[in-house]
Amino acid sequence: MRHIWLTLDRGDVETERLQCEQEGKDTAPLADQFERVLSLDPADAATQTAIGALLDATAELPVRPDFPYSEPSALPDIQALRPAAQAELPTSPAPSDLEDRVYGAWAGRCVGCLLGKPVEGWRRDRMWGYLRDLGRWPLDDYFRYGVANDAVRSKYDLRAEACFADRVSAMPEDDDTNYTTTGLAILKRFGPHFTPENVAEFWMTDIPILHTCTAERVAYRNFVLQVPPPESASYRNPYREWIGAQIRADFFGYAAPGNPALAADMAWRDASISHVKNGIYGEMWAAAMVSAAFVSDSPKQALEAGMGQIPAQCRLSDALRRVVAWREADMEYDEAVAHIHSEWDETRGHDWCHTISNAMIVALGLLWGDGDFARSICRAVQPCFDTDCNGATVGSVMGALLGRKSLPAAWVDGIHDTLHTGVAGYQTVRLADMTAETLEVIETVGRS
């Protein structure tokens, strides 16, 4: 049996070459082997063996001595390289509004995800052309199937079955919200001291392998082959710095409100089973940022608190510092978007799915959103790339920052407080109930 989700192809080989180069590895010694593997018939079973051997060889390549970044994957090493100066935050949110903020985080994540979900995979010419043809530029509302005429639907290949806001009555199942729910389920099953091995066990017992993609799918396959964490993250995994871990971050921020270091610690335990280096940092940053949002005065304060939990001299920190500097220099939003597109090629899968490109867009939404929920999620989705993931992360941060009562009814009422997931025991849930369960987890974490 040859299943597309369980094999590697030429595109994955090219991804591996890019990944190595960005990690600071010189692939020149393997140039002939790369070309030989790329010339093989993907349908031939022997090609998988050849790709595996190439990935084993790239894993042995050293990082160049002149590489300007320090990027470990082990938690103690990451913690040792964090910025010396850390943002000062209150230790916990006021008990009087914690429930509202947790509720806001859940609702905000769902709403931001729903905004980006119907246009996931759209490139700029398609999304921006669609919005302009409808007189809806810049983006300021959900994508709705019913507002388009037949000519626009045909031109932009709109599918009625897509998750347009006017065709759903609840938040549909999505990996971004499935993994948030998974975080809740892991903490309830294993407690605050869960291990990477516990996360791997949960995946194998509760998540079908074909519900996973890219780095998660490779890690899952490695578990089955008895490759344990952390080796499961690096063994024959071309996607090891893609966005998959970053989208799994948010619940660890919910579980440790006002404690970014603890949120980042839990995020590392989750990320390290499937990702390395910046793939891990993305989840640690996002979890710490969400945690900080519960007690922050601004999105920027939360964003910078998240940056405080990852190595100061890594590629992700460098990219985020540049986005912050653009905002401080009063760069126009459209110019900032153009800068990101000049660095990352949206037509190339590696760039489109990478942690860093999408983290820059998350920062863009938060910093140019001016503290407004709707503006923030729209500015995270409009640049394209991984639209539902970035909308969800920004929605989560803003929901925790503002609270459920402050979220606009026009954005939250349409999902009727309801979330569908693929997680056992949580197929259809009320966000109010998820909030109550989260508060129980917070209490358990606080006692540990």
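The values are calculated or read from the model by the stated rules, or taken from the named source; none is laboratory data. Bear in mind the structure is a predicted one, so any value in this text is a computation, not a measurement. Every residue, glycine among them, receives a Cβ derived from its backbone with ideal geometry; neighbour counts consider all protein chains shown. Keep in mind that these areas ignore ligands, DNA and RNA; they rest on the heavy atoms of the full protein, side chains included. Shrake-Rupley method; radii C 1.70, N 1.55, O 1.52, S 1.80 Å.
Placing unit charges on the Cβ atoms of the charged side chains and taking the dipole of segment 120-258 about its Cα centre, the candidate lying farthest along the positive direction among Pro228, Val168, Trp128 is Trp128. What's the magnitude of the charge dipole for segment 298-388 around its Cα centre, counting Lys and Arg as +1 and Asp and Glu as -1 at the beta-carbon? Answer in Debye, nearest 20. Rounded to the nearest 20 debye, it is 280 debye. Count Lys and Arg as plus one, Asp and Glu as minus one, and take only other residues whose Cβ is under 14 Å from that of Trp203; the net charge is then -1. Taking all protein chains together and a 1.4 Å probe, the residues Trp128, Trp352 rank Trp128, Trp352 from largest to smallest accessible area. For Ile361, the shell of other residues with beta-carbons less than 10 Å away shows a net charge of 0, using +1 for Lys and Arg and -1 for Asp and Glu.
Label segment 43-137 by shape, choosing from rounded, prolate and oblate, from the square roots a ≥ b ≥ c of the eigenvalues of the Cα gyration tensor; if a/c is under 1.5 it is rounded, and otherwise prolate applies when a/b is larger than b/c, oblate when it is not. Oblate, since a/c reaches 1.5 and b/c is not below a/b. Between the listed residues Cys314, Ala325, Val337, the Cα displaced farthest toward the positive end of the dipole of segment 306-351, a dipole computed from Cβ unit charges relative to the Cα centre, is found at Cys314.
Keeping all protein chains in position, work out how much accessible area Cys213 exposes to a 1.4 Å probe, and write it in Å² to the nearest 10. Approximately 60 Å² of Cys213 is accessible to the 1.4 Å probe.
Within segment 307-387, the GluC sites (Glu not before Pro) that combine a DSSP coil assignment with at most 10 other C-beta atoms in a 10 angstrom radius are Glu332. Taking a ≥ b ≥ c as the square roots of the eigenvalues of the Cα gyration tensor, segment 316-448 is prolate, since a/c reaches 1.5 or more and a/b is larger than b/c.
Taking all protein chains as shown and a probe of 1.4 angstrom, Glu35 keeps an accessible surface of around 100 Å². With a cut-off of 14 Å between beta carbons, the residues surrounding Gly414 carry a summed charge of -1, where Lys and Arg count +1 and Asp and Glu -1.
Counting heavy atoms of the protein chains alone, Asp270 has an accessible area of about 10 Å² for a 1.4 Å probe.
Between rounded, prolate and oblate, where does segment 237-357 land on the alpha carbon gyration tensor, with a ≥ b ≥ c its root eigenvalues, rounded for a/c under 1.5, else prolate if a/b exceeds b/c? Because a/c hits 1.5 or more and a/b fails to exceed b/c, segment 237-357 counts as oblate.
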